[in-house]
Every structure is written in structure tokens, then in C-alpha cells.
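Presented below is the structure to which this report refers.
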Amino acid sequence: MLSALSWGGSLLPASPFEGAVDLGGGNRYLEWFDYFNDQFYPWVYHFDHGWLYSGDENPSSLWLWSPGLGWLWTSKESYPNIYEQNRGWIYYARGSVNPRWFFDRAPEEWVSDAAVASSASYFPVPEGSQVFTWDYSVNGGNPVGGQVDDVELFLSFSKYSVRFSGRDLLQNSTMEADATGRVLVDGFYYPIVGVLTGAESSQFVRDDLGVYLDDSSINLSLAFSVVGNSFLVNASANTNVIGELLVNLPWRADLYQLPVGTVYEQWASGGWVSGTYEVWANDFLEDRQNFSTPFYPAIRYELIDKIPLYILQGRSYSDVVVIRASVHSPDPFGGPSEDLETEMWLAPGVGLIRSRQEEPVLNDPVELILTHTNLW
């Protein structure tokens, strides 16, 4: 084998494919791994999977790098079960080529490498130098609010914008709102006037089987005054290792072909959320709390409606799907777990055109309506 050869002054690793039947010209057959060519080892051309890179010397346990899927692990005892870095364990339908088919155990469905997210899907994904933008109105500019303990607060949003860059697959959301309300102190109500600003950043990764949410962060800042005293509340949270959660269904381009009532469930096997909460009063730090907790969210999607022609804000959309997402996850700022329900109106090639989400601390649902996008 090639393990005895030198390349660039260093020895190549021993091939893990000992025992393969030599068919000539570098072509080989291994009963558990099927047909491949190792003439250019450690690059191996598999007749089903294409080019793979292996520097592993273990003949029964393989780490392989695929240009389309990244690092994969399998073994003589496991194959065609493969551990894929974004999805976890998947099962390869042996012999399927162009496209290859895999069974994903998390949502329990078959996926193929022909269904990669694109700008035509219900979750439009930019490529290269493309940048997609969306602007939304929040509750039509009407205040939305609620009461927590002795504080009553209402928010009037002037901005909610989303920017998705294809160069780094980074999606950034920004929001701004005027805050008004009142607080009860010693039996008297005092008016509150302030401004809320927020920013959310989501990092995605992409491979031959789809687009995945890798990690996200959120920062909120509420600056307000009460009878001449200034207050500032800052909250930030970072969530890591989300995997395919929240993304896998919307990026599919065939949603309209699924029957109403289709249920799609996902969960994350593990993750972590951490952050900081601060309260400042008249430029003095009054309270600071750090939190860090395991993150095991679960989500249930249900396709509840399909609309061949949907009119929104005077604009028409074809083949709109309405999905109800029920999410069980911990509060991003360290509070108790919550069950949040969101209805999403999705249009192919445009993405989210409308949503309505229940918020535990608000009196009314929060509704987003698309007002502008460069995808029109």
C-alpha cells in the first residue's frame, strides 16, 4: 500500500483499507465499504460518495473528510450508519447516487444531497457575495406590552430589520422601540419613558444536506427615566450547539407538496446558553447576574394551511404555507423553561412574510409583517 511512500518529505499514513480486493488501477472493493479508488491516497474516490480524505490508520474506524459534508465518522461495524457533524447519526441508503439518500434519525425523515437550501426555498439562503434583507413592521406600529410585578411597560417598535450575508452565512437582526409605562412605588404610580434597542446574530453553516444554525447571540438594552432618575438594563445571551434546530424544515423547497397536517419534530441533543444581566441606576451598577445552563430545546412544526394566492399589504404571494411552531426551551436569560408558539407565513423565494408569536410577559401576541425586501 501507499503507507511506505514519502510525499513532500514526510511519510503518508498507513491506509486503513487493508484487506480490500485489488481490482487494478487503484480500484478496490471492501465488503463493508464497497467500491473505491485509493490511487491518490490519502485522497480516496468512493464510487458512491465521491472524493473523501482519510488520514486514519485504523482499519475498522474511519474519520473521513467530504468536500460537501465535512468530517464524517463510520466504522466496519457501523457503516452505512454515518456520524455527520451537523446532523449526528444518519443512515446512508447504500448504492444511492445522484442524489444520495440519507435517513435522519432526529426528525425521522429521508433527506438527499439534492435538497440543499437555495434562494428558491422557503428559507432563502444567500450565496457568495449575495446579501438578503427584510424589514418588518411590529404590530402595525401599535404599542405592545404587559406587566411584570410592579412595572407596566409598552413598546412601540420603529424598526425590525434582518440582514443575511452569503459570504459568512451570518444573519443579523436589529430592533428599536420607544418605551412608555409606569411603575408602582410606595403606593404611587410614576411614569416611565425610554428606548429599547436589540440585536440578534445567528451563525449558520452549510453542507450538502442543508443549512444549520450553529450558534446565536442576543443583546437587549432598555434605557429609561423615572422622575428624573436614569436607569439602564442590559441583557445578553449566547447559545451554542443548536445544530439543525429551527432551520431544517423552512429551507425545504418542497413544502407546498406536503399535505396539511404534516408534523415535523426536532430536538437538540445538547447545547449551552450563557449570558449576563445588569441594572444601572444613575450611572451606578446596582445589580449584575451571570448565568449558564444546559440547553435542550425541542420543537414541533405543523403544516396548518396552504394558500395558493395570498395577498398581504397589497402584494400577492403564490404557494404560501402556514406553519405552527411550538418550541420548548429555557428562557435565554436564565429563567424557567417556556413553551412558545409561533405561526409563520412563508413564501418561496421570499421567506417569512408574516408571523404571530405568543409572548408570556405581553398582553397580546407580537405580529410581524414584511414591509420590504430585496427579494421582491
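Test of understanding: what is the full-extension gain from D215 to V151, defined as 0.36 nm times their sequence separation minus their Cα-Cα distance?
On the way: separation 64, 0.36 × 64 = 23.04 nm, distance 3.23 nm.
Extending this stretch completely gives an extra 19.8 nm.
Taking loop as defined by DSSP and a crowding limit of 16 other beta carbons within 10 Å, which GluC sites (Glu not before Pro) in the range 23-102 fit? Could the numbers behind the result be given before it?
Working: sites: E31, E57, E77, E84; in loops: E31, E57, E77.
Here the sparse-neighbourhood loop sites are E31, E57, E77.
Looking at the range 58-160, which trypsin sites (Lys or Arg not before Pro) are DSSP coil and have at most 14 other C-beta atoms within 10 Å of their C-beta?
Details: sites: K76, R87, R94, R100, R105, K159; in loops: K76, R87, R94, R100, R105.
Passing both the DSSP loop test and the Cβ count: R94, R105.
Compute a Gaussian network model of the chain, connecting alpha carbons closer than 10 Å, and tell me which residue from D113, D208, D34 fluctuates the most.
Largest GNM mean-square fluctuation: D34.
Decide, for the chain, between rounded, prolate and oblate: order the square roots of the alpha carbon gyration tensor eigenvalues as a ≥ b ≥ c, take rounded if a/c falls under 1.5, and otherwise choose prolate if a/b is larger than b/c, else oblate.
Numbers: a/c = 2.80, a/b = 1.95, b/c = 1.44.
It comes out prolate by the Cα gyration axes.
Give, in nm to one decimal, the length gained when the segment between L170 and E359 is fully stretched (0.36 nm per residue of separation minus the Cα-Cα distance). Intermediate values should be presented prior to the final figure.
Working: separation 189, 0.36 × 189 = 68.04 nm, distance 2.58 nm.
65.5 nm is the gain from fully extending L170 to E359.
Sorted by accessible area (1.4 Å probe), largest first, how do T371, T239 line up?
Working: T371 65, T239 15 Å².
These residues rank, largest area first, as T371, T239.
Q130 versus S201, label points 7 Å from Cα toward the beta carbon: distance in nm?
Label-label distance for Q130 and S201, simple model: 2.3 nm.
Out of S158, S112, S129, any idea which swings most in a Gaussian network model of the chain, alpha carbons joined below 10 Å?
Highest fluctuation among the options: S129.
Could you identify which residue out of L153, L69, L184 has the top mean-square fluctuation in a GNM of the chain using Cα springs shorter than 10 Å?
Residue with maximal mean-square fluctuation among L153, L69, L184: L184.
The values are calculated or read from the model by the stated rules, or taken from the named source; none is laboratory data. Please read all numbers here as calculations on a predicted model, not as lab measurements. All Cβ positions, glycine included, derive from the backbone under ideal geometry; neighbour counts span all protein chains shown. Areas reflect the complete protein model, heavy atoms only, side chains present, ligands, DNA and RNA absent. Shrake-Rupley method; radii C 1.70, N 1.55, O 1.52, S 1.80 Å.
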